[in-house]
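Heads up: the structure comes next, in structure tokens.
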Amino acid sequence: MALSQAILATVLNGPMTGYDLAKRFSKRSGYIWRATHQQIYKELARLEREGFLEPVAEGGETRADRVPRAITQAGRDHLLEWVVQSNEPASIKDEILVKCMTLGLASPEQVAQPIAERRAQHEERLAHYRSVVDTHYPEPRALESEALGHYLALAGGIRYESAWIAWANDALELLRRVKPR
């Protein structure tokens, strides 16, 4: 998936400014997709040039980061074309797993520390996802269309975070059992 699809999918529900997108994709809240301000503004300009987004004038605002952009029909068509394409499973690219491979060079405590820190971050995300589901999607079986899509993304996030936390718990338990050399 590219940033362009993440942006187009995000503006499906209504126009957003570059600033709004940057907040949505920030390190603090960008759980599904992360991007820097620079990446977002560069991609917004490209999406506009290609006719997938268009500026929506609101109150005469002229600053590029404050001009809302809406998805065009060409943008919807482009996004739908991407949706129906088959794709390969994402590869795991996680530095924590590489750090685990250093056990022997690093002590069990040194390997355990970043795992425990990351587990706390995943627990925070899991709590956030569950809170959003409880607040906005308490009856998932009754959802339709866009709301169901948002719920499904959150449900996938909940499963991912739960699995990561379970792995971290197992890893930390096993590391505690390693005898010092």
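The values are calculated or read from the model by the stated rules, or taken from the named source; none is laboratory data. This is a predicted model, so every value here is computed, not measured. Glycine also receives a Cβ, built like all others from the backbone with ideal geometry; neighbour counts cover every protein chain displayed. Note: areas computed on protein heavy atoms with side chains; ligands, DNA, RNA excluded. Shrake-Rupley method; radii C 1.70, N 1.55, O 1.52, S 1.80 Å.
With point charges of +1 on the Cβ of Lys and Arg and -1 on the Cβ of Asp and Glu, referenced to the Cα centre of the chain, which listed residue (His78, Leu175, Leu148) lies farthest in the positive direction of the dipole?
Sorting the options by dipole projection puts first Leu175.
To two decimal places, what compactness ratio does the stretch 83-136 give when its Cα radius of gyration is scaled by 2.2 N^0.38 Å? Don't jump to the answer; show the numbers that get you there.
Details: Rg = 16.5 Å, N = 54, 2.2 N^0.38 = 10.0 Å.
Against the empirical 2.2 N^0.38 Å value, I get 1.64 for the stretch 83-136.
Treating the angle as unsigned and between 0 and 90°, give the value, to the nearest 10°, between the Cα long axis of helix 73-83 and the longest Cα principal axis of the chain.
Helix 73-83 sits at roughly 30 degrees to that axis.
What's the long-distance tail for the stretch 79-181, i.e. % of Cα pairs beyond 15 Å?
Details: 3719 of 5253 pairs.
The calculated P(r) of the stretch 79-181 puts 71 percent of pairs beyond 15 Å.
Of Ile7, Leu44, Pro108, which is farthest along the charge dipole of the chain in the positive direction, counting Lys and Arg as +1 and Asp and Glu as -1 at C-beta?
Pro108
Given a 1.4 angstrom probe, I'd like the percentage of the accessible area of the stretch 35-178 that is carbon and sulfur, rounded to a whole number. Intermediate values should be presented prior to the final figure.
Details: 5350 of 10160 Å².
So the carbon and sulfur contribution to the accessible surface is 53 percent.
In the neighborhood of Leu3, defined by Cβ-to-Cβ distances under 13 Å, what is the net charge if each Lys or Arg adds +1 and each Asp or Glu adds -1?
Charge balance in the 13 Å sphere: +3.
Helix-derived [θ] at 222 nm for the chain: sum -39500 (n - 2.57) over DSSP H runs of at least 4, divide by residue count, nearest 500? Intermediate results must be reported in sequence, preceding the final value.
On the way: 7 runs with 107 residues, N = 181.
After summing the helix terms and dividing by the residues of the chain, the value is -19500 deg cm²/dmol.
Relative to the longest principal axis of the chain, what angle (0 to 90°, nearest 10) does the C-alpha long axis of helix 108-136 take?
Tilt relative to the chain: about 40 degrees.
Tell me the net charge near Phe52. Cut-off is 13 Å between Cβ atoms, Phe52 excluded, with +1 for each Lys or Arg and -1 for each Asp or Glu. If you can, show how the numbers build up before the last one.
Working: positive: Arg46, Arg49, Arg69, Arg76; negative: Glu43, Glu48, Glu50, Glu54, Asp77, Glu81.
Around Phe52, the charge tally is -2.
Cα-based count: Lys pairs in the chain below 24 Å, eight or more positions apart or different chains? Working shown, then result.
On the way: Lys23/Lys42; Lys27/Lys42; Lys27/Lys93; Lys27/Lys99; Lys99/Lys179.
For the chain, the number of qualifying lysine pairs is 5.
Ignoring ligands, DNA and RNA, what accessible area per residue does the chain give at 1.4 Å, in Å²?
Values: 12450 Å² over 181 residues.
Per-residue accessible area for the chain comes out at 69 Å².
Just subtract the alpha-carbon distance of Arg34 and Trp82 from 0.36 nm times their residue separation and send over the number in nm, one decimal.
That works out to 15.4 nm of additional length.
Which FRET efficiency, nearest 0.05, do Ala153 and Leu103 yield, Cβ-Cβ r, R0 41 Å? Before the final figure, lay out each step's value.
Numbers: r = 35 Å, r/R0 = 0.85.
Rounded to the nearest 0.05, the efficiency is 0.75.
Evaluated at 20 °C with a viscosity of 1.002 mPa s, what Stokes-Einstein diffusion coefficient in µm²/s does the chain have when Rh comes from the Kirkwood expression over alpha-carbon pairs?
On the way: Rh = 19.1 Å.
Result for D is 112 µm²/s.
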